[in-house]
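As structure tokens, the structure follows; a few thoughts come after it.
What follows draws every value from the coordinates through simple rules; no lab data is involved. Model, not experiment: these values are computed from the prediction. Quick reminder, even Gly has a Cβ in these numbers, built from the backbone with ideal geometry, and neighbours come from all protein chains shown.
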Ligand SMILES: *[C@@H]1O[C@H](CO)[C@@H](O)[C@H](O)[C@H]1NC(C)=O
Ligand SMILES: *[C@@H]1O[C@H](CO)[C@@H](O)[C@H](O)[C@H]1NC(C)=O
Ligand SMILES: *[C@@H]1O[C@H](CO)[C@@H](O)[C@H](O)[C@H]1NC(C)=O
């Protein structure tokens, strides 16, 4: 009797367990399936239909909002162009009253910062953002500015603002507008960059936008940009970075990147580069500037908004395998020779800069044996799943 009872109990237990397990599998599978379906839909949209013509008709600010010749200005008032709290109109030269003289700027680099990220800014000034290092060692002129809004916490705002003014007094490289610096205002920050560039640094050959936890291998980047300018097509119609193709909007409500249907009803975004770091040529920057004047900027995911602006202006992004979309570059000399950006550096920026720009480091990849060894290591580092987030396996073979 007792045995029997135990057997029944055991049976039920097993039954219950299997049912539970089955349910779990279905649930996991369901989410996977849903995820895959979203991507399949997005890919079909992007590659079969491949028409984003609806963007300009749907997102263009309608003529009812325009009023005569001041149309763009009035629209701007509604979507961006907050007053500057800290500004450096003469950062790129152009100061003279009669006939402006601009510096010969190769690259204007915007670092997307926030009021409290003092440490990150200092680290960047000390490492890859050192303008005088670039001028003396690489022989070109770059301008690095930090773009930010105001602190979201009203209680801490005035103290924070005083500290920012002091910091700017010492370094003269902050650009601040009067909007609250939050994730949902990133598109406002993007618009600030293109408007500032248009107004105060219009002759820079290239524009770059980067997060403040991104590492940029400045010597490699400068070399690459110089190659582009001396190539046949020159520094025109270029938008380069880590490209997201056929990304579907995130509809999962708890995600940071959630976008509701009424903001973007279509199953796929136009191609765009990861906001962590990308470069555009001067003429593309001008086109994006003009797009921001015409478009509804409610979509708060800044890199997607950039993709929409570019799509409307007929520009598509180009992939560069050594621009990181998310992850950190593997820490090895075989990578240092090629890398452009690497993402997620909070504390190791100094050591990474030291290692990546040390002239003795790249020597280990020189010569026949060195080259062979480094090629092998690169394949090991990039093609094993461990580092798949940073550079694609393809990067090992370029
Ligand atoms: C920037 O680079 C210059 C020239 O290499 C160097 O003298 C200076 O100390 C550097 N500044 C910082 C803050 O590291
Ligand atoms: C963006 O900044 C504006 C201006 O300060 C503010 O009114 C708005 O609430 C901010 N938006 C978000 C989502 O933080
Ligand atoms: C922009 O789009 C949002 C959301 O679709 C809408 O609420 C808003 O009125 C639009 N703004 C303009 C200026 O068209």
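Take the chain, connect every pair of alpha-carbon atoms lying under 10 Å apart with a spring to form a Gaussian network, then pick out the residue of 254, 119, 287 with the largest mean-square fluctuation.
254
Using a ≥ b ≥ c from the Cα gyration tensor of segment 146-233 (square roots of the eigenvalues), is it rounded, prolate or oblate, where a/c under 1.5 gives rounded and otherwise the larger of a/b and b/c decides, a/b for prolate?
prolate
Rounded to the nearest 10 degrees, what's the angle between the helix 186-200 long axis and the longest principal axis of the chain, both from Cα atoms, 0 to 90?
20
Gaussian network model of the chain, Cα springs within a sub-10 Å range: biggest mean-square fluctuation belongs to which of 129, 93, 275?
Maximum among the listed residues: 93.
Quick check on packing: order 301-311, 221-231, 366-376, 140-150 by the mean number of other C-beta atoms within 10 Å, highest mean leading.
In descending order of packing, they fall as 301-311, 140-150, 221-231, 366-376.
Name the shape class, rounded, prolate or oblate, that the alpha-carbon gyration tensor gives for segment 333-397, where a ≥ b ≥ c are the square roots of its eigenvalues, rounded holds for a/c under 1.5, and otherwise prolate holds if a/b is larger than b/c and oblate otherwise.
Cα axes put segment 333-397 in the oblate bin.
Tell me, what is the FRET efficiency for residue 23 and residue 331 to the nearest 0.05, using R0 = 51 angstrom and their Cβ-Cβ distance as r?
Working: r = 43 Å, r/R0 = 0.85.
Step by step, r from the Cβ atoms, then E = 0.70.
Can you give me the C-alpha center-to-center distance between segment 239-302 and segment 123-167, rounded to a whole angstrom?
25
Relative contact order for segment 333-397: what is it in percent, counting Cα pairs under 8 Å that are at least 6 residues apart?
Over segment 333-397, the number comes to 32 percent.
Restricting the count to DSSP beta bridges whose residues both fall in segment 63-319, what percent are antiparallel, rounded to a multiple of 5?
Taking every DSSP beta bridge within segment 63-319, about 40 percent pair in antiparallel fashion.
Would you please give the FRET efficiency between residue 30 and residue 251, computed as 1/(1 + (r/R0)^6) with r the Cβ-Cβ distance and R0 = 22 Å, to the nearest 0.05?
E between residue 30 and residue 251, to the nearest 0.05, is 0.90.
Please state the shape class of segment 63-319: rounded when a/c is under 1.5, otherwise prolate if a/b exceeds b/c and oblate if not, all from the C-alpha gyration tensor.
Note, shape of segment 63-319 comes out rounded.
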